[in-house]
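Contents: one structure, followed by commentary.
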Amino acid sequence: MVTIPAELGRRFTITPGCKLAWAPVVGSTEEIRVRVIPRRGDLARRLRGAGKVYSPERDAVAELVAERLMEG
């Protein structure tokens with residue numbers, strides 16, 4: 001169990017129960033790197049609509065559904 005300073009918790013959206021990945025900093029005996037592992041729901045929300053940047057005029061999900069319906 002680790003206590004995260006409130007300022008860092010707010011800045012990096014670290015809440016109780018968040019998972020953190022710990023790794024040593026290469027070449028250092030005094031530093032570690034901590035990475036917040038996002039929850040699946042948070043990842044999904046961030047990714048929602050991300051493909052529109054590459055193809056704003058298409059609805060890739062609708063195309064996939066139509067393709068699956070045609071297959072069978």
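Bear in mind that the values in this text are calculations on the coordinates, not laboratory data. Fair warning: this is a prediction, and the values are worked out from it, not measured in the lab. Every residue, glycine as well, gets a Cβ built from its backbone with ideal geometry; the counts of neighbours run over all protein chains shown.
Would you confirm whether any residue within region 44-54 is among the hydrophobic types (A, V, I, L, M, F, W, C) and either closer than 18 Å to Met1 by Cα or touching a Phe, Trp or Tyr at 6+ places or on another chain (Cβ under 9 Å) (or both)?
Of region 44-54, the ones among the hydrophobic types (A, V, I, L, M, F, W, C) are 44, 47, 50, 53.
Subsequent filtering for residues that are either closer than 18 Å to Met1 by Cα or touching a Phe, Trp or Tyr at 6+ places or on another chain (Cβ under 9 Å) (or both) retains none.
No, region 44-54 contains no residue that is among the hydrophobic types (A, V, I, L, M, F, W, C) and either closer than 18 Å to Met1 by Cα or touching a Phe, Trp or Tyr at 6+ places or on another chain (Cβ under 9 Å) (or both).
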Checklist outcome for this item: Residue hits (region 29-72; surrounded by 10 or more Cβ atoms within 10 Å (Cβ to Cβ) and in a helix (DSSP H, G or I)) are Asp42, Leu43, Ala44, Arg45, Arg46, Gly51, Lys52, Ala60, Glu63, Leu64, Val65, Ala66
